[in-house]
1. What about S159, is it open to solvent by 10 Å² or more (accessible area, probe 1.4 Å), in contact with a Lys or Arg (Cβ under 8 Å, 6 or more places away or on another chain) and of a type in the set (S, T, Y)?
2. Go through segment 74-89 and give me each residue that's open to solvent by less than 10 Å² (accessible area, probe 1.4 Å), within 14 Å of the ligand (Cβ to nearest atom) and not in a strand (DSSP E or B).
3. Quick one: which helices (runs of 4 or more DSSP H) sit completely within segment 283-387 and have at least 3 residues that are within 24 Å of G451 (Cα to Cα) and in contact with a strand residue (DSSP E or B) (Cβ under 8 Å, 6 or more places away or on another chain)?
4. Would it be correct to say that Y272 is within 16 Å of the ligand (Cβ to nearest atom) and either closer than 21 Å to H301 by Cα or hydroxyl-bearing (S, T, Y) (or both)?
5. Would you check if there is a residue in segment 224-247 being within 30 Å of S402 (Cβ to Cβ), more than 16 Å from the ligand (Cβ to nearest atom), of a type in the set (D, E, K, R) and surrounded by fewer than 17 Cβ atoms within 10 Å (Cβ to Cβ)?
6. Quick check, is T69 at pLDDT 65 or above and surrounded by 15 or more Cβ atoms within 10 Å (Cβ to Cβ)?
7. Restricting attention to segment 292-346, and to residues there that are more than 16 Å from the ligand (Cβ to nearest atom), surrounded by 22 or more Cβ atoms within 10 Å (Cβ to Cβ) and among the β-branched types (V, I, T), which single residue is nearest to the chain's Cα centre (by Cα)?
8. What are the pairs with Cβ atoms under 7 angstrom where one residue, in segment 61-86, is under 11 Å from I47 (Cβ atoms) and the other, located anywhere, is in a loop (DSSP other than H, G, I, E, B) and away from the ligand (no atom under 16 Å from the Cβ)? Sequence gap at least six, or different chains.
Amino acid sequence: MSAGQATGKVSKLHENRRRKVGNVLDLIIRGGDVVTPHGVQKGDVAIQGETIAAVTAPDALAADLANRTIDASGKIVMPGGIDPHVHLHHPWIKPDGTTLTTAGPEQVGRAALFGGTTTFIDFAYWRENATALQAIEARDKDFVGKSPCDWAYHIMLHSEPPPAFSGQLVEAIQAGFPTLKIFTTNILPKRTGRMIDFGDIWEAFQALAKGGGLGVIHAEDNDIVMHMYARLIREGRVGFEHLAEAHNTLSEDLSFRRIIRLAESVPGTALYMMHVSAATGVAAIAEARAKRLPIYGETLHQYMLYTAEDYKRPNGQMYHTYPSLKSKEDQKALWDGTLAGNIHCVATDELCCTLRDKTVGNRIDDTTGGNSGVEPRLGVMYTEMVTRRGYSLSRYVDLVSSNAAKIMGLYPRKGALAAGSDADVTILDPTRRGKVRAEDLHETDYTPWEGHDIYAWPVVTILRGKVMVEGGNYFGAPSDGKYLKRKIPAMILDGPAL
Ligand SMILES: [Zn+2]
């Protein structure tokens, strides 16, 4: 739709409704650099109720059309951030055997909104003796009425899937739960319950292909990882600074290629490779896509900006997320992957806890995974992508929002500033300067991004038409978020789209 058409539509709507109800629009965001699906344009975003009514040329809409106007001149207006990989209210066994439960959606959602992210995708654990839909209902207890952000779940398969799981999986996909998390490793030597054997994965892929689902994969080669754990323990090299030797690049190479080959054998299987950390992983994705396979890549901002050398810094566990940080060369391959179209999303693998809990383990086999990063993600990636590497605003928005919406079946409801989309809008101030400081954030008592340069920061965050954050004040409520049912579009499943 052109700006002129959009304006015409709104004017007509205006004429029809104004006589009855007064102002026709709830909000106009004026004069910003608007990141639309067709590029960046100076313009206005008109919001009515929970959706975007139009994106127009500047001042195409009379001021008295709206109940409220926000002046965005000199600012960047973008779709709300989407984090497709978070673990909220998630159990983690600490070295002393007690369970740490990570911060839930109320705390993390509030931080996310302060940081310009409006939607996240977590996980529902499909345990033995439960159906897929029971797994979703059980997880709802942690989210419904507790999440100020919109959210969805990937269904997470466990080691012993129920015998009837593949039929249930097809039903779940068709009921709006189309992504299945699969682990090819138990990650840590003492842990069981994650790794799925390849026979079950093969069966899961057949169900995904049949139902139109997407596999979201934590791939590591369990044999290599466990072999390295045994060897490092034997050699007495158990400090967490050795994590990159256990969760190594060979493991990523072998495991990515093995699971992609399995997917290739079941036509119609599409995969989203989570937290790609190594050049070998990027290469495996690139080769699969060159064969026209529907394989997508996610990395974490941790992996793009820290290396295994950072483990040696004070509280070096802060930078760790499983699999592990790698080398400068791996980092470069991840960045190159964002330009070549092999890395599509930058997620957090959010696992929000205190610094004390993040650093309570200090061995290769007990270091707390995940990280706290959902709030500074948009700001940090703006600095690194737009300011330091010259990425266009469109590419930046693709990597922190739109691509996740497209791959995960939320587009164009989410991830787009366009007529008819949900009015999830983040306004960035590109004149903001400073450093990331944990005390300025709303997440927890530490940030792995402490001292990182700021070149833009969200100043307004809107979720489905409701201003959630403005001028440093929070207006959200834990009941504001909604569950998002999804359907993966054929374009994503049929071949290497994006
Ligand atoms: Zn994760």
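The values are calculated or read from the model by the stated rules, or taken from the named source; none is laboratory data. Small disclaimer: the values here were computed from a predicted structure and weren't measured. Don't worry about glycine lacking a Cβ; one is built from the backbone with ideal geometry, like all the others, and counts go over all protein chains shown. In case anyone asks, the SASA skips ligands and DNA or RNA and just uses the protein heavy atoms, side chains included. Shrake-Rupley method; radii C 1.70, N 1.55, O 1.52, S 1.80 Å.
1. yes
2. P84, H85, L88
3. 301-305, 377-381
4. yes
5. Looking for residues that are within 30 Å of S402 (Cβ to Cβ), more than 16 Å from the ligand (Cβ to nearest atom), of a type in the set (D, E, K, R) and surrounded by fewer than 17 Cβ atoms within 10 Å (Cβ to Cβ), one finds none in segment 224-247, hence no.
6. In short, yes.
7. I343
8. Once the first residue is under 11 Å from I47 (Cβ atoms) and sits in segment 61-86, its partners that are in a loop (DSSP other than H, G, I, E, B) and away from the ligand (no atom under 16 Å from the Cβ) give A66/N23; N67/N23.
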